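Engineer: I have a structure here, written as structure tokens, and I will follow up with some questions on it.
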Amino acid sequence: MLTSQTLARITDLGLDLITETAVIEILQDAIDAAVPIGSSVALQLPADWPADYQEQFWRRYPNKTAKPRAMKALDKIAFSGKTRWADFTQGLERYIVSPRVISGYIKGPAVWLNDEGWNDGPQPNGPKKKLSFFEIAAGHGD
């Protein structure tokens, strides 16, 4: 967080409100990222991630909503270097064929990404359908 002294110095510059807000956001982002102002960080895609990883993900993910948020979350995962592409895609395929997705419940892509959904194991089939009295009487419960 910027100190009140820093905020006062920015205000004293006499900038218009939009520029002042932009300066504050840039400084705060630099502090949050722990990157000294004026330096640059070269982000490099891990060697096992394909150059078209965004397109491949978007083509496969079954719920096409909030694409900008999803791509931001995906970039964060890709450039962190903590997740192998093979692990990511295997987890995605597990999710796509899970009982919940097949039944129509599909998380938004940004939610799935931010929750590290690719690390989830296989999902159980869920509870069995409750049988009616007549179904049980007819022997369908076995």
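Engineer: Kindly express, to the nearest 10 degrees and within the range 0 to 90, the angle between helix 17-33's C-alpha long axis and the longest C-alpha principal axis of the chain.
Structural biologist: 70 degrees
Engineer: Using helices alone, what [θ] at 222 nm do you get for the chain, with -39,500 (n - 2.57) per DSSP H run of 4 or more residues, divided over all residues and rounded to the nearest 500? It would help to have the intermediate numbers written out before the result.
Structural biologist: Numbers: 8 runs with 75 residues, N = 142.
Taken over the chain, the calculation gives -15000 deg cm²/dmol.
Engineer: Given points 7 Å out from each Cα along the Cα-Cβ axis, report the THR21 to ARG9 separation in nanometres with one decimal.
Structural biologist: The answer from the label model is 2.4 nm.
Engineer: Only one of the values [x] 109; [y] 190; [z] 98 was calculated from this structure for volume of the Cα convex hull per residue in Å³; name its label.
Structural biologist: Matching entry in [x] 109; [y] 190; [z] 98: [y].
Engineer: If you don't mind, another one. For the residues SER98, SER103, what sequence is obtained by ranking on other C-beta atoms within 10 Å, fewest first?
Structural biologist: SER103, SER98
Engineer: May I ask for the net charge around VAL23, where only other residues with Cβ less than 13 Å from the Cβ of VAL23 are counted and Lys, Arg are +1 while Asp, Glu are -1?
Structural biologist: -4
Engineer: Mind listing which trypsin sites (Lys or Arg not before Pro) in region 67-128 are in a DSSP loop and have 13 or fewer other Cβ atoms within 10 Å? Display every interim value, and only then the final one.
Structural biologist: Numbers: sites: ARG69, LYS72, LYS76, LYS82, ARG84, ARG94, ARG100, LYS107, LYS128; in loops: LYS82, ARG84, LYS107, LYS128.
Sites meeting the loop and neighbour criteria: LYS82, ARG84, LYS128.
Engineer: Let me ask another. Run through region 50-127 and list the chymotrypsin sites (Phe, Trp or Tyr not before Pro) located in a DSSP loop whose Cβ has at most 16 other Cβ atoms within 10 Å.
Structural biologist: Taking region 50-127 and a limit of 16 other Cβ atoms within 10 Å, the loop chymotrypsin sites (Phe, Trp or Tyr not before Pro) found are TYR105.
Engineer: Here's a follow-up. Connecting C-alpha atoms closer than 10 Å in a GNM of the chain, tell me which of LEU92, LEU27, LEU74 has the biggest fluctuation.
Structural biologist: Of LEU92, LEU27, LEU74, the Gaussian network model singles out LEU27 as fluctuating most.
Engineer: If you don't mind, another one. Starting from the Cα of LYS67, draw a straight line to each of the aspartates and glutamates and keep only those under 13 Å, dropping any in the same chain fewer than 8 residues away.
Structural biologist: GLU55, ASP75
Every read-out reported here was derived from the displayed coordinates using simple, explicitly stated rules and does not represent laboratory data. Not measured: the values here are computed from a predicted model. Every residue, glycine as well, gets a Cβ built from its backbone with ideal geometry; the counts of neighbours run over all protein chains shown.
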